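I have placed the structure first, in the form of structure tokens, so that the comments after it can refer back to it.
The values are calculated or read from the model by the stated rules, or taken from the named source; none is laboratory data. Being a predicted model, the structure only gives us computed values, none of them experimental. Methodologically, a virtual Cβ is constructed for each residue, glycine included, from the backbone with ideal geometry; neighbour enumeration extends over all protein chains shown.
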Amino acid sequence: MVLRSYAITDIGRKRQLNQDFIYQSETPVGNLPNLFIVADGMGGHKAGDYASRYAVECVVGEVGASFERNPIRIMGAAIGRANALIRKKAQENPAYNGMGTTMVAATCMGRYLEVANVGDSRLYVIGDRIEQITEDHSLVAEMVRMGGIDRAAARNHPDKNIITRAIGARDYIEADFFSRELQPGDLVMLCSDGLTNMVEDEEIRSILTGGGSLGDRVEKLVETANRNGGKDNISVIVIEPLADEVEYD
């Protein structure tokens, strides 16, 4: 099976600093056959970009050193270790007090996708339709799940950026895990909210299933987010996990 991917991170139009950090490996990392991560940092000046980068580096290092075989256990332990190290750094340096980061991580194991997430960075599977696989850990997402507001209202809610779970926020962090069987032609997209707050789901699907190379389509997504305001950093990784099984006309 051939896997292809394309990744990009962009500062956007409004921010002075890119607090997103991405990681892309189409080749094995430890016992995982590949690994893709998007992290969106938060905190005071410089703390957010440090948190996202450091957390990703910790996770990649832990995954690479793990003797586990189960991908959920591998990613779960790595995220837990990253959380502990972020907490330690914040205690050692007052400049890092309160820092934290979201994270969505994924590995494609043949036809199966394994996903871990903390916060509101997302993973989608895009085929005949676009489907958000992860669930946001945010105040507004909780309101939607409880029936307090609908998704349309959530999109423009003033509290939509308040997240309820982040790496570094508490002494113990629990990631959510998702497994999904993939079909030929499916695309997998990991992204920060700088994309999804600026571009509607159906437009994302239209761009990614349109013409051009994979890189052209991903760059068009970022251009569209910036054209629509670019209010936050924008990070996107798109994977063609079964690229050799797609039949073209």
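Residues that are within 14 Å of Q132 (Cα to Cα) and among the charged types (D, E, K, R): find the helices (runs of 4 or more DSSP H) completely inside the range 170-232 holding 3 or more of those. Lay out the reasoning, then the answer.
Working: elements: 193-196, 201-208, 214-227.
Result: 201-208.
State which residue pairs qualify: first residue closer than 14 Å to V104 by Cα and inside the range 66-89, second residue part of a helix (DSSP H, G or I) and hydroxyl-bearing (S, T, Y) in any location, beta carbons under 8 Å apart, and separation of 6 or more residues or different chains.
Final answer for the pair search is A82/Y54.
Given the criterion among the small types (G, A, S), outside any helix (DSSP H, G or I) and surrounded by fewer than 19 Cβ atoms within 10 Å (Cβ to Cβ), identify the matching residue among G41, G98.
Numbers: G41 fails: surrounded by fewer than 19 Cβ atoms within 10 Å (Cβ to Cβ).
Checking each option against the conditions leaves just G98.
Among the listed residues I86, I22, which satisfies the condition of being surrounded by 16 or more Cβ atoms within 10 Å (Cβ to Cβ), β-branched (V, I, T), in contact with a strand residue (DSSP E or B) (Cβ under 8 Å, 6 or more places away or on another chain) and assigned to a strand (DSSP E or B)? Steps first, please.
Working: I86 fails: assigned to a strand (DSSP E or B).
Selected residue: I22, the only one of I86, I22 that is surrounded by 16 or more Cβ atoms within 10 Å (Cβ to Cβ), β-branched (V, I, T), in contact with a strand residue (DSSP E or B) (Cβ under 8 Å, 6 or more places away or on another chain) and assigned to a strand (DSSP E or B).
Which residues, counting only those in the range 1-47, are within 16 Å of V115 (Cα to Cα) and in contact with a Gly (Cβ under 7 Å, 6 or more places away or on another chain)?
V29
For E181, state whether it is of a type in the set (D, E), closer than 17 Å to V238 by Cβ and modelled with pLDDT of 95 or more. Lay out the reasoning, then the answer.
On the way: of a type in the set (D, E): yes; closer than 17 Å to V238 by Cβ: no; modelled with pLDDT of 95 or more: yes.
So E181 fails the test.
Okay, residues lined up against (1) under 29 Å from G230 (Cα atoms); (2) in contact with a Gly (Cβ under 8 Å, 6 or more places away or on another chain):
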| site | (1), (2) |
| --- | --- |
| D176 | yes, no |
| L182 | no, no |
| D193 | yes, no |
| M198 | yes, yes |
| S206 | yes, no |
